[in-house]
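A short write-up of the structure that comes next.
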């Protein structure tokens, strides 16, 4: 199985429809997003899949993912206002969010401004109510009448999905504060402010990807490295010979994530299609120890100890970690992909293999898991 795709997630949660209730597929999907999609890059991976897949199910998934972006902008995100619109809430401001994905059931152009106006009329005087209509490329390119401009007393901003992702990337990188975002949404911002923000958005692709040259890497001290074949050596051979026998680890990428690794960090190793197949602890390389062949290809060469290799009994990669690996973007020069993970994920994926028939082999309750 290659990675974790949106369709695989939908297989776990069920088909998204208009059914209500705590245990409906739509609510299960939303809980999955809140529990597992904790970085904008992870949301961006799923949003990209939604944009290129037709049908109401993917449109509903896209709507929920766009609403989720509010969390990364500093808002409290809520799904499904008036059974249709999402909400972003913050002190003194209430944002209604509409997503226009180009589907046949997109609301009439006047419906959303009317909903914003109704919410504003019912809100306390101290609460500012505005609307944000997020337009996807498909909706923007669909021929049809232009939406009617909102009334002067009904503040509705129309933004492209790419612009929203850019601002989300800026906020996640610490280059735009929550107050900046609120000011952008609630005021006719001075031209200098808007141009300055757009200029800072220029490098949004690098910001949104955790592999960008200026990405900020938050290390937990626990890592997962997805191994790839190296110059005719299979991932399995690299694991057994270089890691298992020689106790060496070469990090090939130029990315900031490799610079964040420190002595004493714990690292587990996975192979695509198998799962986690070993783990160990990073230590300084012994100067008397022979280094790797063509060591110049690697940015760092570390030693390893406390190594365990279990190719014959791989452990499934949890869904959140799989999404982090996908969101990491392009692999390093030797095909490696590495991301920081939580201690809980590391412990769960490096547990000793259990004997067949052990009662503890029963699936644990909680987050669903997919093989990596």
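We did not get these values from a lab; they are worked out from the coordinates using the rules stated. Not measured: the values here are computed from a predicted model. All Cβ positions, glycine included, derive from the backbone under ideal geometry; neighbour counts span all protein chains shown.
Below are the figures for this structure:
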quantity	calculated
Computed E for residue 15/residue 306 - FRET, C-beta separation, R0 30 angstrom, nearest 0.05	0.10
Relative contact order (%) - criterion: Cα under 8 Å, at least six apart; region: the stretch 48-92	25 percent
